[in-house]
Amino acid sequence: MASSGFIQIPRRLPLLLTQEGVLLPGSTMRTSVDTPGNMELVRSRLLRGTSLKSTIIGVIPNTSDPATDTEELPALHRIGTAALAVQVVGSNWPKPHFTLLVTGLCRFQVAEILTERPYPIAVVEQLDRLEQLSSKAEFKEALGDLSEQFYKYAMQLVDMLDNSVPAVAKLKRLLNNLPRELLPDVLTSIIRTTNEEKLQILDAVSLEERFKVTIPLLLRQIEGLKLLQKTRNPKLDEDKRVVAIRPLRKIGGIGGKQFSLENTEDEEEDSDDIILLEKKIKSSNMPEQALKVCVKEIKRLKKMPQSMPEYALTRNYLELMSELPWSKSTTDRLDIRAARILLDNDHYAMAKLKKRVLEYLAVRQLKNNLKGPILCFVGPPGVGKTSVGRSIAKTLGREFHRIALGGVCDQSDIRGHRRTYVGSMPGRIINGLKIVGVNNPVFLLDEVDKLGKSLQGDPAAALLEVLDPEQNHSFTDHYLNVPFDLSQVLFIATANTTATVPAALLDRMEVLEVPGYSQEEKIEIAHRHLISKQLAQHGLTPEQIQIPQETTLEIITRYTREAGVRSLERKFGAVCRAVAVKVAEGQHREPKTGTSYEVGAEEPKATFPEDPKSGAIAADLALPPEMPILIDRHALKDILGPPMYEVEVFERLSQPGVAIGLAWTPLGGEIMFVEASRMDGEGQLTLTGQLGDVMKESAHLAISWLRSNAKKYQLTNASGSFDLLDNTDIHLHFPAGAVTKDGPSAGVAIVTCLASLFSGRLVSSDVAMTGEITLRGLVLPVGGIKDKVLAAHRAGLKRVIIPKRNDKDLEEIPLNVRRDLSFVLADSLDDVLNAAFAGGFLIKTPPELLNSKL
């Protein structure tokens, strides 16, 4: 340890290289640490150190150009300042760094560099001898006049300042109490000086030289204050507070004396930022109403102290207002032919959606100020609703922004918070406009049917103004509190079902149904988009793997049963992963000769010929050309396992009392079996299978209609009575009991199932049916016909019974599906029964009715 007076510093010091300023003994400086060497010094010494010695470091100004820094240690300044680390603050934004608060103790000179990595450590020699020299006779003789002159100028400088400012009063007390030999360093750190002038003070090791260099700086500062006082406005009494000195956040550490000054530099920089912000607001072309609010807030901001919490809130508000795209917009690409080609390339099928987008483009071309429509794509998951929205934005040449609404239960997410709340922020609509930077983007409101409600309000109700073309030209966010024009935004909402969307919100949107895909459409989508996408994601090429259409059809029919293509894409991903393993193995192990290389096939042993000269195996001469791995049915079973879905229609309809209905779910259409059995009992009807109230009512309607028409159809119970519930219990079951089922569409299937049970006849195994029934035997129309028909087509059925009034929905069904199926349009339950049974369900007239007619 080197000792001198009151301060002792270690002989070995870790060195902190600073770019931001020069630290002098007796002053305090805040510096940012972000270079690797300095970061490691902070982590190893300051954060892990436990003693006071570990917090003393050497601070050396880095005079090299930071842009030309290399990994090598730069040339060090020969003199530095030993400093005490008072505070360490870490942050990860915008990049990991530390902020150090260090207090200078004394000068040192670098004698030898011991290590350079991970941070430099040097042997140092202490230069300052800080005994109380001012009390010694030799100090008074050598520097008495010089120090008195310096003290006189320093007091003159302080007297020119306003003594009512606490920082100035502290500075005056400090000048009276500090030893004279410490004043040059302290005053230099306060007055306005450049880093080069501070380096001169740091290099002035002798006290005489230090006083001589500092006195001209004091005189320059005094002259500057005199000039300021001459030119100031006499009306402004606050001018004395405009102190032309560099403030210190904290000065001291010597003799236990500390003081602080106000940071006027930061205030000046902040005032410059406010001027720039004001210019930015005036150049943003915002409406007059918004501009008036911003001008008023800027006036308040200029008068507001930075320490007030409202200062940051007001400034954030003004920055948001200046960044919003009040008048910035993109120009639509109005080439109808190019748009049609782009949509066809991105998405197969979806004719209705593409037609609507092209209509919008055509009208936009004819009338440039068309308001943005509000479209709602409704369909099962995986059919491409979200990706169509992205394609529409690309077609129009607009910015795209997606807002996920699933699970949102706070109306402030839409409308924003009022600025009176802590942590207030704008809603997702305004924030999205700020992100995209234009006022006519394509906004995709994803999963609008999954909005929730809570004590914080109803976000679906908050969307009413956003999604109303007649109102959203003056949408008012609570945070902005001024209207913003949303009429040029093209809003696209997506939902799986309209049942959970409030009626008022649904009324504001143009609903476009996006049904599931047929098998042929899925095959086209797979070979146009999905397979190539999965090959690229798994690093494979078409020369390494081939998936024929027969294999794709096998995956669609026996491994997936969905309306969309998400599960299909996952199956292709599983196939690609299995092939990737084979390809990776083939790069390290030679492939077998003369064999076809199929996944899952047993690999025969290869026979390599011997080299006639050396007798060695010439493996490199016997390699076959690279062959693509063909995915056939056997390889598919080896990769994906046994098929998940088998054709079970014929097995289930092998006895009376079973019929096939068609159901619609948010995931697409499905076939649904209805089973019935009868037993001796007291005439009770039992229903199982997680049924809703509407489906239970359909079952009661069905049994009531059959009982009233039992004689007409010659339906009897086990004892031969036309009273079907006489001493008979009936049990109706809908398999997949864990799945909740509801809706009127199963009415005709229940009637057919019970008619089969009581007549003892089998329902045709290739027919499915849907429709609502009435107590008089009429068949009423239902929804979701396309999804239901596609489900019947996926299941391999041949005939579908639908209500006659649903014949208009057949136009939406793809032509190839209509060719594979035959449709029976039923107006009454008589039509349904005649079509559901082979040879028809003949009506047998009872004898008493026959006699009455005669």
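For the stretch 421-483 and the stretch 487-530, what is the centre-to-centre distance using only Cα atoms, to the nearest Å?
21 Å
Within the stretch 640-715, list the chymotrypsin sites (Phe, Trp or Tyr not before Pro) lying in a DSSP loop whose Cβ has at most 15 other Cβ atoms in a 10 Å radius.
Of the chymotrypsin sites (Phe, Trp or Tyr not before Pro), the ones in loops of the stretch 640-715 whose Cβ has at most 15 other Cβ atoms within 10 Å are TYR645.
Which order, highest average first, do 150-163, 439-452 follow once you tally other Cβ atoms within 10 Å for each residue and take the mean per peptide?
By packing density, highest mean first, the sequence is 439-452, 150-163.
Can you tell me which of 796-806, 89-99, 355-365 comes out highest on packing, and rank the rest after it, using the mean Cβ neighbours within 10 Å?
796-806, 355-365, 89-99
Express in Å², to the nearest 10, the accessible area of PHE400 obtained by rolling a 1.4 Å probe over the protein heavy atoms while all chains stay in place.
50 Å²
Which order do MET425, MET308, MET39 take when ranked by solvent-accessible area (1.4 Å probe, heavy atoms of all protein chains), largest first?
Ranked list, largest accessible area first: MET425, MET308, MET39.
Of LYS352/LYS808; LYS355/LYS533; LYS279/LYS299; LYS354/LYS522; LYS282/LYS328; LYS354/LYS788, which sit over 20 Å apart, Cα to Cα?
Distance filter (> 20 Å) returns LYS355/LYS533; LYS354/LYS788.
Per residue of the stretch 13-26, in order, report the coupling 6.51 cos²θ - 1.76 cosθ + 1.60 (Karplus, θ = phi - 60°) as ³J(HN,Hα) in whole Hz, putting x for Gly and Pro.
10, x, 9, 9, 8, 10, 9, 8, x, 10, 8, 10, x, x
From the backbone phi of the stretch 100-116, what are the Karplus-calculated ³J(HN,Hα) couplings (6.51 cos²θ - 1.76 cosθ + 1.60, θ = phi - 60°) in whole Hz, Gly and Pro given as x?
9, 10, 10, 10, x, 9, 7, 7, 8, 10, 6, 8, 7, 8, 7, 9, 10
I'd like to compare 80-88, 204-212: which one has the highest average count of other Cβ atoms within 10 Å, and what's the full order after that?
The most tightly packed comes first, giving 80-88, 204-212.
Please compute the contact order of the stretch 759-806 in relative form: average sequence separation of alpha-carbon pairs under 8 Å and at least six residues apart, divided by the residue count, as a percent.
Normalised by residue count, the contact order of the stretch 759-806 is 47 percent.
For the stretch 668-715 and the stretch 182-224, what is the separation of their Cα centres, given in Å?
Distance between centres, Cα-based: 102 Å.
Given Cα pairs under 8 Å that are at least 6 residues apart, what percent is the relative contact order of the stretch 484-567?
37 percent
Are there GluC sites (Glu not before Pro) in the stretch 654-708 that DSSP puts in a loop and that have at most 12 other Cβ atoms within 10 Å, and which ones? Numbers along the way, then the final one.
Numbers: sites: GLU670, GLU675, GLU682, GLU697; in loops: GLU682.
Of the GluC sites (Glu not before Pro), the ones in loops of the stretch 654-708 whose Cβ has at most 12 other Cβ atoms within 10 Å are GLU682.
Carbon and sulfur together cover what percent of the accessible area of the stretch 315-354 at a 1.4 Å probe radius?
48 percent
Would you mind telling me the share, in percent, of accessible area of the stretch 751-795 contributed by carbon and sulfur at probe 1.4 angstrom?
Details: 650 of 1250 Å².
On the stretch 751-795, the fraction of accessible area on carbon and sulfur atoms equals 52 percent.
Taking only protein heavy atoms and a 1.4 Å probe, what accessible area per residue, in Å², does the stretch 520-579 have with all protein chains in place?
On the way: 2680 Å² over 60 residues.
Result: 45 Å² per residue.
Once the other residues with Cβ under 10 Å from the Cβ of THR500 are scored (Lys, Arg +1; Asp, Glu -1), what is the net sum?
0
Which order do LYS352, LYS282 take by accessible area at a 1.4 Å probe, largest first?
LYS282, LYS352
What are the ³J(HN,Hα) couplings of the stretch 374-381, residue after residue, when phi is run through the Karplus curve with 6.51, -1.76, 1.60 and θ = phi - 60°? Round to Hz, x for glycine and proline.
10, 9, 10, 8, 10, x, x, x
With respect to the cross-link table entries LYS152/LYS198; LYS198/LYS302; LYS450/LYS741; LYS170/LYS198, which display a Cα-Cα separation exceeding 29 Å?
LYS198/LYS302
The values are calculated or read from the model by the stated rules, or taken from the named source; none is laboratory data. Keep in mind that this is a model prediction, so the values were computed, not measured. Reconstructed Cβ throughout: ideal geometry from the backbone, glycine too, with neighbour counts over all protein chains shown. When the accessible area is computed, the model is the full protein with side chains, heavy atoms only, and any ligands, DNA or RNA have been set aside. Shrake-Rupley method; radii C 1.70, N 1.55, O 1.52, S 1.80 Å.
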